[in-house]
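The structure under discussion appears below in the form of structure tokens.
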Amino acid sequence: MRISEILDRKGTQVATIRPDATLHDVLRELEQGGFGSLVVSTDGRTIEGIVTERDLVRVLAQRGASALDGDVRSTMTASVVTCGRDATVDEVMGMMTNSRFRHVPVVEDGVLAGIISIGDVVKSTIDELAVKAESLESYVTGTY
Ligand code: AMP
């Protein structure tokens with residue numbers, strides 16, 4: 001299955017935050033939106049970084065609550081791994097597994113065009129397995 005199929009289903013909306021926002025703002029956005037990550041972008045189109053709940057856990061553990069006054073730029077990951085709409089779900093699963101992160105932004109023509117979370121990958125894999133199981137069952141019982 002291709003990433004474009006997941007995006008067609010769930011949409012291409014991506015929650016972003018400016019690099020000069022504070023980590024307090026990140027905390028609020030993650031909680032209000034029910035997200036696990038925010039793409040860092042000044043214009044909402046060009047990716048400058050990514051900040052996730054794990055980054056917040058790290059700074060809080062290392063520096064305490066006052067770290068939340070700091071800006072996003074100082075905590076985000078600037079070197080973001082992305083994929084295109086035509087990447088396969090297996091390829092993106094490989095990226096997540098090898099690099100140990102759970103979010104991969106989608107880029108088309110240099111512009112942010114969606115985001116895939118590990119939850120999206122797991123859901124599409126389960127859906128695909130269910131379809132395979134159903135057609136195998138039909139084959140075995142002769143009801144296809
Ligand atoms: P996550 O598992 O997605 O919460 O992210 C774990 C760590 O990887 C955090 O430090 C994130 O900033 C970073 N990270 C998350 N997604 C990506 C990505 N697509 N490219 C590079 N780093 C990422």
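The values are calculated or read from the model by the stated rules, or taken from the named source; none is laboratory data. Quick caveat: nothing in here was measured; it's all calculated off a predicted structure. Note that we place each Cβ from the backbone using ideal geometry, even for glycine, and neighbour counts take in every protein chain shown. Keep in mind that these areas ignore ligands, DNA and RNA; they rest on the heavy atoms of the full protein, side chains included. Shrake-Rupley method; radii C 1.70, N 1.55, O 1.52, S 1.80 Å.
A straight line joining the Cα centroids of segment 1-59 and segment 96-144 runs 21 Å. In a reduced charge model with +1 at each Lys and Arg Cβ and -1 at each Asp and Glu Cβ, segment 3-141 shows a dipole moment near 440 debye about its Cα centre. The angle between the Cα long axis of helix 53-63 and the longest principal axis of the Cα atoms of the chain comes to about 30 degrees, rounded to the nearest 10.
Note on the chain: dipole from Cβ charges, positive end direction compared against ALA61, SER4, MET95; the farthest Cα belongs to ALA61. Taken over the alpha carbons of segment 3-141 as equal point scatterers, the Debye sum produces base-10 log I(q)/I(0) values at 0.10, 0.13, 0.17 Å⁻¹ of -0.38, -0.60, -0.92.
Look at the dipole of segment 3-141 built from charges on Cβ: of SER138, SER41, ILE126, the Cα furthest out on the positive end belongs to SER41. Per residue, segment 3-141 exposes 58 Å² of accessible surface when a 1.4 Å probe is rolled over the protein heavy atoms with every protein chain present.
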